[in-house]
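Structure, as structure tokens:
Each reported figure results from applying straightforward, stated rules to the coordinates on display, with no laboratory input. Quick caveat: nothing in here was measured; it's all calculated off a predicted structure. Methodologically, a virtual Cβ is constructed for each residue, glycine included, from the backbone with ideal geometry; neighbour enumeration extends over all protein chains shown.
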Amino acid sequence: MVEKYGLIYKTVREIRGPLIFVEGIKDALYNELVEVKLPDGSEILGSVLDTSAGMAIVQVFGATQGLELGVTARFTGDVIRIPVSSEVIGRVFSGSYKPLDGMPPPLGEKREIHGAAINPTAREPPSEFIQTGISAIDGMNSLVRGQKLPFFSEAGLPHNIAAAQVARQATVPGKEEDFAVVFCAMGIKHEEYEFFRREFAETGALERCVMILNLADDPIIERIIAPRIALTIAEYLAYDLDMHVLAMLTDMTNYGEALRSISIAREEVPTRKGYPGYLYTDLASIYERCGRIKGKKGSVTVFPILTMPGGDITHPIPDLSGYITEGQLIFDRDLHLRGIYPPINVLPSLSRLMKDGIGPGRTRKDHADVSNQLYMAYAEGVKARGLARIIGEVGLSERERKYLRFADEFEMKFVNQGVYENRPIERTLEIAWDLLALLPEHELIRIREEYIREYHPRYRKA
Amino acid sequence: MLKGEIIRVYGSLIIGKNVPNAKIGDVVQVGPLKLIGEIIRIRGNEVSIQCYEDTSGLKPGDEILNTERPLTAELGPGLIGNIYDGLEFSESVIRTIAGDFMKKGVRTAPLSRDKKWHFTPKVKNGDKVVEGDIIGTTRETLMIEHRILVPVGLSGVIREIKEGDYTITDPIATLESNGKKIDLTMMQTWPVRIPRPYKSRLPLTEPLLTGQRVIDSFFPIAKGGTAAIPGGFGTGKTVTLHQIAKWAAADIILYIGCGERGNEMADVVTHFPELEDPRSGKKLIERTIMIANVSNMPVSAREASIYMGVTIAEYFRDQGYDVAIMADSTSRWAEALRDISGRLEEIPAEAGYPAYLPERIAEFYERAGRVVTLGSEYRVGSVTIMGAVSPPGGDFSEPVTSLTLRFVGTLWALDTALAFRRHFPAINWLMSFSRYVELVSKWWQTYDKEWLKYKTKATAILEEASKIEEIARIIGEKALPDDQRLILLVAEMIREGFLVQHAFHEVDTYCEPEKQSKLLRLLIEFYEFTEPLIKAGIPIEKIREFKSIVELMRLKERREVEYIDKVKNKVLEEVKTLAKQYGVEV
Ligand SMILES: Nc1ncnc2c1ncn2[C@@H]1O[C@H](COP(=O)(O)OP(=O)(O)O)[C@@H](O)[C@H]1O
Ligand SMILES: [Mg+2]
């Protein structure tokens, strides 16, 4: 029998939310893993947040019901590590890495879940275009391997359907490679999880998938470690096993709320809306675990989904996420109500790494200019639409009317597409050119003249 | 050696007791890995330590050693082209030791102890020298000659100095000072929190050209000046600072990535070595020093990285160079201050920031300037500081943004609405300012005697257009009188043809001053040529039909400056033809 290591204390003096205060301990390690045993025999994990001679404050990552002063806390003498191996692929775990699939706990090499930062000099700038088959993404906000690109959505919008479409269709044109999906659920509903599970099963992705599940009725505090476990697995698959990993994290807003509840329990000085000052840094410690490493084959692409509370993009979670991620794809209620799918509003959306992933040899040489022009034209069209609402369409100038028409068509033909429609990038660009042809040629100021001559429908026909 | 011990660990804050000879600012080494921290508070026999590395695994009872020295920068040849973390450990060297992931406690000398540099003396035996004098040089890169200075606080007579190949710790000269002999090396050190001294400050007179039109022509920054670039996420702070790092006419570039993205630093590290300086034709990396303390590296080291950067910059200033610093983002540094202040349970001022935040921001920007350096010969150097600010929710009234605006000479205010329509750089021309326009306008006159007139007119047109647009938003453009519609047209031409500058366009990424002044002039002349036509009753639609308009707006994409005159002639042709058609005199 393996002797359990670590020191056991039964001196819990106070329990406050997810925090327990253990007395009489001389030298707990900062961030030490603590196992707390409840009277019913179940065990929850915790880690040391504050250690001083004689007292340790431990935050626990499980349900706090049933916690009482008599529980035992075992200080393990190590930080939190999880075993990883290729065997975890195809499996389902809880948010604290307990098997949910009836199989035994995983074995393998132990990795620290907080993960170290990739040395900036070891990073390879991401540059491989991922074709999602969705025009609003591929054409205007292209995703590349090793990027972190979130969906910013709202409750009731079809972000899950679109996310599943991305997971289903994403390919790097011309390449067949080893891939895996690490799916981390934080506080989403059972039916949402069932939806993803069905989707993955249908496309055969399920056997390439690792699930870390913390659903709506699971302990909130577990959400703090769930994404870290997911990303530790993702990094292992990418950098040790050379896989291209898509790490889907949903819903980051629920994660943020879990973080807030710990901060409130600790009586920390809040900054905005009760969120702690370290929210930015904490989110960065998750999102930054994407990328490519020089000389390694694999990659971690982080694909978070978050719902903006009240649709407010300035809310701390979307706001600070936007400051960290490499762009954002914004779901818009208004587009949704008008029946546009996916309802991605391209104007506030952005992919910061697009420039390195597109162009000759990757997509097409006119791609950057075309997308730039579409942005400008659509912005003009939306402006004209606003004006038309005030003064009526008759009050618009000829030019404004053309832009208005462009905006309508752009939404209907370019943004709008089927849930099972997988458009190759060439098709996306073709639609773009057909739309741009609605405008007088001298308006296409952001596109190089030589590209106009090569791709504009007027010259294409000739 | 006497040692103190840890009594509490709480994030990056460590409380220790019985630390010998504790002074505020002393660097301490904590725990078995000798993690680096700094004493920031003393109470009785207890000290508070801000630890610059991850404190996981530390525990009460672990040792604390006091080095009794402040946090210092190592200065000397080998800095250029390097990429450091906030404590001046070379990340490329760390990678060779620790692998692809950062590891705490890894130690490496900031400057190579083995590399030999060829030292050429500039003084002889028996020469009298004072602090700041150049005793010799070594060619650090093809672009930069590293000038070896007599360290601050020393003066005397050179007793021995020889040309040759030396490491940075080999003595290169002996200085006799008050009867004592002191060996001088190519390396020296400086405490990062103390500004390096100089003789006197000089007024700012010259622009720091960046090749970015909206900056150089509308909101210039002077050599030795300061600028802030605030904006919500995705508005272009980083790309603008990268553009400046690439194309600014400075001798040395110091790029500080402070709490931002790893992939962005990778972009700089990967692409700078390929890029050429448009003036010297040499590789940009030969004048660039990078500090990368990305967002998932220790928060408290963001603090160190800012001071480390500015100290290295001052050191090159003291050699007589124009140095430009970009700090992306100063908000992350302020957050690090807030973090530690919160752990110290200091009473916060606004939004949780400590009450001393204004001082810290002011002190940082105060380290910019154009100065006469120490040393017996007259030598001028400058440090220009540009800082990104990341306001939560894009709200410029938040503490870090509003405080920063009080201390800087130039504001490049980024505008989300412009960014949405991909008008980049998204610098809002109504909200931004530069206190240096007047002084650099003299300089612009070397390109165009009437520069100030055209620049003023351009600003006036843009302002007027924004007012007209407000009305147009209610009644529609069509309902406006033609003279106002002409203003709108010209404003649009200025926006698209001048202000918009695509960072990734092979030609337009950099715009030389001559091209800037000619383009600006032509745009305003377009207005001057067409205004009489409108006054004479010719409808605006006729002017909008000019073929030359598109050509004018595309001029920025053409390398040849001469082409501007050709387009001007075309404009004049079209004006004449139209005037004739309507029987109007021009
Ligand atoms: N001058 C520019 N030219 C072209 N694109 C730009 C320019 N400035 C910004 N962008 C675009 O905007 C995106 C966001 O810019 P970035 O500087 O990263 O924003 P921030 O640092 O303010 O979050 C970039 O990825 C790029 O697509
Ligand atoms: Mg940025």
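The table below gives the values:
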item: Given charges at beta-carbon only (K, R positive; D, E negative), |dipole| of the stretch B:451-581 in Debye; result: 240 debye
item: Radius 11 Å from Cβ of B:Glu346, net charge of other residues (Lys, Arg +1; Asp, Glu -1); result: +2
item: Karplus (6.51, -1.76, 1.60) ³J(HN,Hα), θ = phi - 60°, over the stretch B:119-135, in Hz, Gly and Pro reported as x; result: 9, 10, x, 10, 10, 10, 3, x, 5, 8, 10, 10, 4, x, 5, 7, 9
item: Near-label residues of the stretch A:196-229 by backbone N, under 17 Å of a point 7 Å along Cα→Cβ of A:Lys110; result: A:229
item: Simple spin-label estimate for B:Leu142 and B:Ile194 in nanometres, 7 Å along Cα-Cβ; result: 4.0 nm
item: Whole-Å distance, taken between Cα centres, linking the stretch A:208-283 and the stretch A:115-162; result: 18 Å
item: Percentage relative contact order, the stretch B:39-142, counting C-alpha pairs under 8 Å, at least six apart; result: 20 percent
item: Pairwise FRET efficiency - B:Lys115 versus B:Ile182, Cβ, R0 = 22 Å, nearest 0.05; result: 0.40
item: Extended-chain gain in nm, criterion 0.36 nm per residue less alpha-carbon gap, A:Lys98 and A:Tyr420; result: 112.4 nm
item: Spin-label zone in the stretch B:539-559 - amide nitrogen under 16 Å from a point set 7 Å from the Cα of B:Asn569 along the C-beta vector; result: B:548, B:552
item: For A:389-400, mean number of other protein chain Cβ atoms within 10 Å; result: 4
item: Degrees, to the nearest 10: A:226-235 long Cα axis against longest axis of chain A; result: 70 degrees
item: B:Tyr321, A:Tyr30 arranged by Cβ crowding within 10 Å, fewest neighbours leading; result: B:Tyr321, A:Tyr30
item: Chain A - mean residue ellipticity at 222 nm from DSSP helices (-39,500 (n - 2.57) per run, n ≥ 4, rounded to 500); result: -9000 deg cm²/dmol
item: Cα gyration tensor shape of the protein assembly as shown, rounded if a/c is under 1.5, else prolate or oblate by comparing a/b with b/c; result: oblate
item: Alpha carbon centroid spacing (whole Å) that separates the stretch B:411-488 from the stretch B:318-360; result: 33 Å
item: Likely footprinting exposure, A:Leu19, B:Leu254, fewest C-beta neighbours within 10 Å first; result: A:Leu19, B:Leu254
item: Distance from the stretch A:381-460 to the stretch B:44-59 (C-alpha centre basis), Å; result: 59 Å
item: Neighbour net charge for B:Glu5 - beta-carbon separation under 15 angstrom, K R +1, D E -1; result: +2
item: Shielding by other protein chains, B:7-13, mean Cβ within 10 Å; result: 5
item: Cross-link pairs beyond the 23 Å C-alpha cut-off, checked among B:Lys542/B:Lys570; B:Lys282/B:Lys566; B:Lys515/B:Lys566; result: B:Lys282/B:Lys566
item: Two-site FRET efficiency, B:Val130 against B:Leu202, from Cβ-Cβ distance with R₀ of 25 Å, rounded to 0.05; result: 0.80
item: Three-way shape label, the stretch A:83-354, alpha-carbon gyration tensor, a/c 1.5; result: rounded
item: GluC sites (Glu not before Pro) within the stretch A:24-62, DSSP loop, no more than 16 other Cβ atoms inside 10 Å; result: none
item: Mean Cα-pair separation over length for chain B, i.e. relative contact order, pairs under 8 Å, 6 or more apart, %; result: 13 percent
item: Ellipticity estimate at 222 nm from DSSP helix runs (n ≥ 4, -39,500 (n - 2.57)) divided over chain B, nearest 500; result: -10000 deg cm²/dmol
item: Share antiparallel - DSSP beta bridges, the protein assembly as shown, percent rounded to 5; result: 65 percent
